[in-house]
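Peer 1: Please see the structure below; I have some questions.
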Amino acid sequence: MNQEEQVQGLQLVLLNERGRLLRFLAARGAGDEAEDVLQDLWQRVAATPAQPIAEPLSYLFRAAENMMRDRRRSNVSRERRQHAWHEAGPTAQEQPSGERALIARQNLREVDRVLAALGPRVDRVFRRYRVDGVGQAAIAGELGISLSSVEKDLQKAYRALAELKERLDAE
């Protein structure tokens with residue numbers, strides 16, 4: 001028997017037993033997906049290499065059950081992944097309200113204004129150290145100033161920001 005006849009034979013059995021296979025899948029919890037599982041089974045049967053199958057009906061029932069089980073596992077895995085993804089996202093309590101976001105933006109503009117008022121070097125030293133994470137010695141080397149000057153610039157920035165924080169907290 002050649003491959004085309006064998007596949008044709010399984011496809012014929014599947015067509016003849018379609019109703020039984022659908023009931024079988026529905027009884028095992030496939031529900032609305034029974035037709036989809038059967039379609040996947042049809043495609044699998046069409047792609048099956050030629051092999052003699054002693055009990056084609058048993059083969060089809062087993063293959064249908066295995067496909068349904070694989071779909072269920074895939075769905076459970078997808079739901080877990082989506083649940084984990086949603087759990088990892090910010091909750092309603094973590095997301096700032098519109099008012100809090102507006103206040104935060106205003107405070108950030110105020111910080112920028114205070115740092116700019118201290119001069120470009122102090123502003124740059126502070127941002128390179130606190131935002132970019134560059135070490136004080138490296139900043140001194142970049143700007144061609146002493147390590148002591150970097151430390152003093154940072155102290156100026158910290159003092160000005162502490163005063164700003166006190167003023168904002170008082171409001």
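The values are calculated or read from the model by the stated rules, or taken from the named source; none is laboratory data. Just so we're clear, the structure is a prediction, and the values are computed from it rather than from any experiment. Don't worry about glycine lacking a Cβ; one is built from the backbone with ideal geometry, like all the others, and counts go over all protein chains shown. Side chains are part of the model used for accessible areas, which takes the heavy atoms of the whole protein and leaves out ligands, DNA and RNA. Shrake-Rupley method; radii C 1.70, N 1.55, O 1.52, S 1.80 Å.
Peer 1: Can you spot a residue in the range 142-154 that is open to solvent by less than 70 Å² (accessible area, probe 1.4 Å), within 15 Å of Leu168 (Cβ to Cβ) and among the aliphatic types (A, V, I, L, M)?
Peer 2: Among the residues of the range 142-154, not one is open to solvent by less than 70 Å² (accessible area, probe 1.4 Å), within 15 Å of Leu168 (Cβ to Cβ) and among the aliphatic types (A, V, I, L, M), which makes the answer no.
Peer 1: Of the residues that sit in the range 155-171 and are part of a helix (DSSP H, G or I) and among the acidic types (Asp, Glu), which one is surrounded by the most Cβ atoms within 10 Å (Cβ to Cβ)?
Peer 2: Only one residue tops the list, namely Glu163.
Peer 1: State which residue is farthest from the chain's Cα centre (by Cα) when the search covers only the range 105-126 and only residues that are touching a residue at least 40 places away in the same chain (Cβ under 8 Å) and part of a helix (DSSP H, G or I).
Peer 2: The residue in question is Ala117.
Peer 1: Give just the number: which of (1) open to solvent by less than 80 Å² (accessible area, probe 1.4 Å); (2) at pLDDT 90 or above does Arg109 not satisfy?
Peer 2: (1) is the only condition that Arg109 fails.
Peer 1: If a residue has to be acidic (Asp, Glu) and in contact (Cβ under 8 Å) with a residue 40 or more places away in the chain to count, how many in the range 62-79 make the cut?
Peer 2: The total comes to 1.
Peer 1: Okay, next question. Tally up the residues in the range 18-74 that are in a helix (DSSP H, G or I), among the acidic types (Asp, Glu) and loosely packed, with under 15 Cβ neighbours inside 10 Å, please. Step through it out loud before you land on a result.
Peer 2: Taking the range 18-74 and keeping what is in a helix (DSSP H, G or I), we get 18-27, 31-47, 56-74.
Subset that is among the acidic types (Asp, Glu): 32-33, 35-36, 40, 65, 70.
After this cut, where a residue has to be loosely packed, with under 15 Cβ neighbours inside 10 Å as well, the list is 32, 35-36, 70.
Qualifying residue count for the region: 4.
Peer 1: Hey, can you tell me all the residues within the range 127-141 that are assigned to a helix (DSSP H, G or I) and open to solvent by 70 Å² or more (accessible area, probe 1.4 Å)?
Peer 2: Arg127, Tyr129, Arg130, Val131, Ala137
Peer 1: A further question on this structure: Out of all the residues in the range 87-105, is one or more at pLDDT 90 or above, under 20 Å from Asp169 (Cβ atoms) and open to solvent by 80 Å² or more (accessible area, probe 1.4 Å)?
Peer 2: Here is the first cut: in the range 87-105, the ones at pLDDT 90 or above are 105.
Those still in the list that are under 20 Å from Asp169 (Cβ atoms) too: 105.
Then drop every residue that is not open to solvent by 80 Å² or more (accessible area, probe 1.4 Å), which leaves 105.
Looking through the range 87-105, at least one residue is at pLDDT 90 or above, under 20 Å from Asp169 (Cβ atoms) and open to solvent by 80 Å² or more (accessible area, probe 1.4 Å).
Peer 1: A follow-up question, please. Is one or more of the residues making up the range 43-61 charged (D, E, K, R) and touching a residue at least 24 places away in the same chain (Cβ under 8 Å)? Break it down into steps so the answer makes sense when it comes.
Peer 2: Step one: list which residues in the range 43-61 are charged (D, E, K, R), which gives 44, 55.
In the following step, the residues that additionally are touching a residue at least 24 places away in the same chain (Cβ under 8 Å) were identified as none.
No - not one qualifying residue is present in the range 43-61.
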